[in-house]
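What follows is a set of notes on a single structure, which appears directly below.
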Amino acid sequence: MNETTQELHLIKMSEVEVKEVEWLFYPYIPYGKLTILQGDPGEGKTTVILHIIAKLTNGESLERIVNRREDTGETSKNDSVKQNPVTVIYQTAEDGLADTIKPRLLSAGADCSRVLVIDESGKLLTMQDDRLELAIKATGARLVVLDPIQGYLGSGVDMHRANEIRPIMQHLSILAERYQCAIVLIGHMNKNSMTNKAAYRGLGSIDLAAAARSMLLCARLQSDPQVRVLCQTKNSLAPEAKSIAFYLSEENGLEWIGEYDISADDLLRDTSQYNKCDAAKKFLERLFQDCKQKNQGCHQGCQLPMSGILERALKENITKRTLMRAKAEMPIKSRKIGNQWYWCME
């Protein structure tokens, strides 16, 4: 009986060079790794990634997506930082390039010359197709998006079978690390209503989630369907990311709101019963009502120092970002008097 022997190679950890993780969008999308963005159909997954692509192709900082500080007097030092424009490979098996993808990219202000698509007219692309590596190598793309996951597994692959999914994901992980590009896979959620745990709602084998270093969820608020939230459900490389909210409507398209105080698991529950913003609004209404009662003879709007409001809010377990969001939805304006900011209810 002939036995095939394979030469053994051992790696000493003492000889492994330590490297820091680099980020396309900290701490949401790492370079050299896989990221999964999932959500139910129509929740805005594709729109979100196209808006991110638009900023990247123009060399714009993604910091502004998270740190929106309108009407607060605060600024972020990274808000205006210009970066090198990023080349992107974007593959979609669901939407038309001419009638859907390009119009959305143009609407978001993307540099379309930096958004490339592998031609699938002669042969459909799969995750193990040699053309994927050739395209990354030839273009120097720093971001690759495959939308959706199941559209690029290849015919005959059962995404629920670990033994079929594992080598495919391993191949993608090797590509991402070899060329230090970020690979984002867009996925749908399953219909399992027995659990609200976001980590168990993705389609396919758990090996899909296991291979990803970051997992993101996009879903709408039941209490305000025009507001969608981007949450992180897994992060193996950094502290958990802040959730980000955005408006999505036919009239105005996508408008970023900024930080939003809600977790992925809470987002999947009935969010009309989980709205910390309502509590913050009632808190602010109570503060200004007390102010008016104490200053009945004052014909000017009540002005309260922002530092004092924040201090009292924290004592009632209302975070700063929740307070800011509540303020943005109320007739409250910021005014600077001397070196201090005040809030005024109009």
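Details
- Per-residue surface analysis assigns residue 188 an accessible area of about 30 Å², computed on protein heavy atoms at 1.4 Å probe radius.
- Neighbour-limited loop hits for GluC sites (Glu not before Pro), region 14-63 (at most 11 other Cβ within 10 Å; DSSP other than H, G, I, E, B): 17, 20
- By definition, a body whose alpha carbon gyration tensor gives a ≥ b ≥ c is prolate when a/c is 1.5 or more and a/b is larger than b/c, and the chain fits this prolate description.
- Solvent-accessible area, 1.4 Å probe, carbon plus sulfur percent, for the chain: 47 percent
- Inter-site label distance for residue 107 and residue 238 at 7 Å from Cα along Cβ, in nm: 2.9 nm
- Think of a 1.4 Å ball rolled over the protein heavy atoms: the chain then has 55 Å² of accessible area per residue.
- The value of relative contact order for the chain, using C-alpha pairs under 8 Å at least six residues apart, is 18 percent.
- Between helix 162-179 and the chain there is an angle of about 80 degrees, using the helix long axis and the longest principal axis of the Cα atoms.
- Selection among 235, 262, 108 by position relative to the dipole of the chain gives 262 as farthest towards the positive end (Cβ unit charges, Cα centre).
- With a Förster radius of 22 Å applied to the C-beta separation of residue 316 and residue 292, the computed FRET efficiency comes to 0.65.
The values are calculated or read from the model by the stated rules, or taken from the named source; none is laboratory data. For clarity, every value in this text was computed on a predicted model and none was experimentally measured. Positions of Cβ are generated from backbone atoms using ideal geometry, with glycine treated the same way; all protein chains shown enter the neighbour counts. These accessible areas exclude ligands, DNA and RNA; they are computed on the full protein's heavy atoms, side chains included. Shrake-Rupley method; radii C 1.70, N 1.55, O 1.52, S 1.80 Å.
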